[in-house]
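Structure record follows, encoded as structure tokens.
The values are calculated or read from the model by the stated rules, or taken from the named source; none is laboratory data. Predicted, not measured: the structure shown is a model, and the values here were computed from it. A quick note on method: Cβ atoms are made from the backbone with ideal geometry, for glycine too, and the neighbour counts reach across all protein chains shown.
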Amino acid sequence: MSLTLYLHPLASFCHKVMIALEEAQLPYRAVTVDFADPVSAKQVSDQWPVGKIPLLHDEASGRHVPETTIILEYLAERHASMARLWPSAEETRLEARLWDRFFDLYVQQPMQKIVIDRIRPPGANDPHGVAEARENLRVAYAMIEERMVDRVWAVGDEFSIVDCAAFPALFFARIVEPFPASAAALSAYFERLLARPSVASVLAQAQPYFTMFPYRDAMPARFLPGA
Ligand SMILES: N[C@@H](CCC(=O)N[C@@H](CS)C(=O)NCC(=O)O)C(=O)O
């Protein structure tokens, strides 16, 4: 097996790549990174000093590839099954790049800001930053709602890398900032994503770690183990 993914099963950006790997049916070795263990964390920081996961290692090329979108581009250049997750028409491909950035920057990042603030040491919280992040999420939800009114998937007619980016972003974001009741198209899109076998598989891998999630108290019961 040529591909190794350094990941954590609870980490939302890792889910984006894990879902894509499952969709593309590319086998990989998963190495769980424990950032509390300096030896484990060093496996990542030696190759990518910013220390973010996921990080891909491809034994076939000897390369380490960081950053979710770059990992998915790298794999698409080498595997037809991953290339199929990227729209081929130029205009749709550009749209896919845009909405991939959208889900990373305007859903995942504000969600992370809110989540991480909950585990900051006493006195180190950033209420203003968290309020801004919540407003960012509300704006993003309104944009997705408008977009998804007449769509099945986020870009083009087929499930794509954008949907891989969308699911983990929306899964954790809606726990910290629920979707508005009026967002019917967004909620229906979320349920379609949930029904995807690749998504169900990645969620099942995350489930044993949900107790580590700082907002576990707000997690819907249907996602908890044994539900
Ligand atoms: N832009 C990066 C973001 C990756 C990211 O934020 N990963 C989180 C896990 S979801 C992480 O490594 N957090 C560890 C840390 O910040 O110490 C990507 O797309 O890969």
Tally of residues being within 12 Å of the ligand (Cβ to nearest atom) and surrounded by 15 or more Cβ atoms within 10 Å (Cβ to Cβ) across segment 41-51: 5
Considering each of Tyr28, Tyr106 in turn, give the residue that is of a type in the set (Ser, Thr, Tyr), closer than 19 Å to Pro168 by Cβ, away from the ligand (no atom under 12 Å from the Cβ) and under 17 Å from the mean Cα position of the chain (by Cα). Tyr106
Within segment 73-81, can one find any residue that is under 16 Å from the mean Cα position of the chain (by Cα) and either in the same structural domain as Tyr215 (by TED's automatic domain parsing) or not in a loop (DSSP other than H, G, I, E, B) (or both)? yes
Within segment 6-25, the residues that are closer than 23 Å to Thr211 by Cβ and within 12 Å of the ligand (Cβ to nearest atom) are Tyr6, Leu7, His8, Pro9, Leu10, Ala11, Ser12, Phe13, Cys14, His15, Lys16, Met18
What is the one condition in (1) surrounded by fewer than 20 Cβ atoms within 10 Å (Cβ to Cβ); (2) of a type outside the set (Val, Ile, Thr); (3) over 27 Å from Ile119 (Cα atoms); (4) in contact with a Leu (Cβ under 8 Å, 6 or more places away or on another chain) that Glu158 does not satisfy? (4)
For segment 59-72, check the following and say yes or no: at least one residue is assigned to a loop (DSSP other than H, G, I, E, B), more than 8 Å from the ligand (Cβ to nearest atom) and in contact (Cβ under 8 Å) with a residue 40 or more places away in the chain. yes
